[in-house]
Amino acid sequence: REAVFDGFHASLPAYAGAGNHLIVEHILDNAKWRADLKHLLAGFDVVFVGVQCDLRTLIDRERKRGDRMIGSAAQDAQIVHQGCQYDLTVSGQNSAVDNARAILDLVHSDRRVSEFASA
């Protein structure tokens, strides 16, 4: 698992450096990954967005998917946002259109307050 994520993380600045605009969905479930990404993406314009969702909805989605270990949603919910300073937090219960609009508004505003803004 570690080697896969090391490779994935290392690929992101290569894609961005080649001129690609990226949207990366990633559960940063350990502080090392966040630190690595802050280092690797220094110099790039990063918008760090947290997606929050109530626990009942997460558990229901986990059960319906059928491809997740039962209990992992509750476990992740307790740790995934710890210590994160986001530019924006959206709700996973909002429509995708509303969340995308909020993110795009932020992208076009050039307001960055997250831990990636100072990297």
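Key figures
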quantity	calculated
Pairs with Cβ under 7 Å, 6+ apart, first in region 13-39 and of a type in the set (D, E), second open to solvent by less than 50 Å² (accessible area, probe 1.4 Å) and in a loop (DSSP other than H, G, I, E, B)	D29/V80
Residues within region 105-115 that are among the hydrophobic types (A, V, I, L, M, F, W, C) and more than 9 Å from Y86 (Cβ to Cβ), tallied	2
Residues (farther than 16 Å from D54 by Cβ and open to solvent by 50 Å² or more (accessible area, probe 1.4 Å)) located in region 85-94	Q85
Residue ID - surrounded by the most Cβ atoms within 10 Å (Cβ to Cβ), chosen from residues in region 101-119 that are over 16 Å from the mean Cα position of the chain (by Cα) and part of a helix (DSSP H, G or I)	R101
Residue in region 53-72 that is open to solvent by less than 50 Å² (accessible area, probe 1.4 Å), in contact with a Cys (Cβ under 6 Å, 6 or more places away or on another chain) and of a type outside the set (A, V, I, L, M) present	no
Matching entry among D76, D98, D60 (being charged (D, E, K, R), more than 21 Å from F116 (Cα to Cα), assigned to a helix (DSSP H, G or I) and touching a residue at least 40 places away in the same chain (Cβ under 8 Å))	D76
Some residue of region 39-52 being part of a helix (DSSP H, G or I), closer than 22 Å to L106 by Cβ and within 13 Å of the chain's Cα centre (by Cα)	no
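The values are calculated or read from the model by the stated rules, or taken from the named source; none is laboratory data. None of the values given here were measured: they were computed from a predicted structure. So basically every Cβ, Gly included, is an ideal-geometry build from the backbone, and we count neighbours across all protein chains shown. Surface accessibility is based on the protein's heavy atoms, side chains included, excluding ligands, DNA and RNA. Shrake-Rupley method; radii C 1.70, N 1.55, O 1.52, S 1.80 Å.
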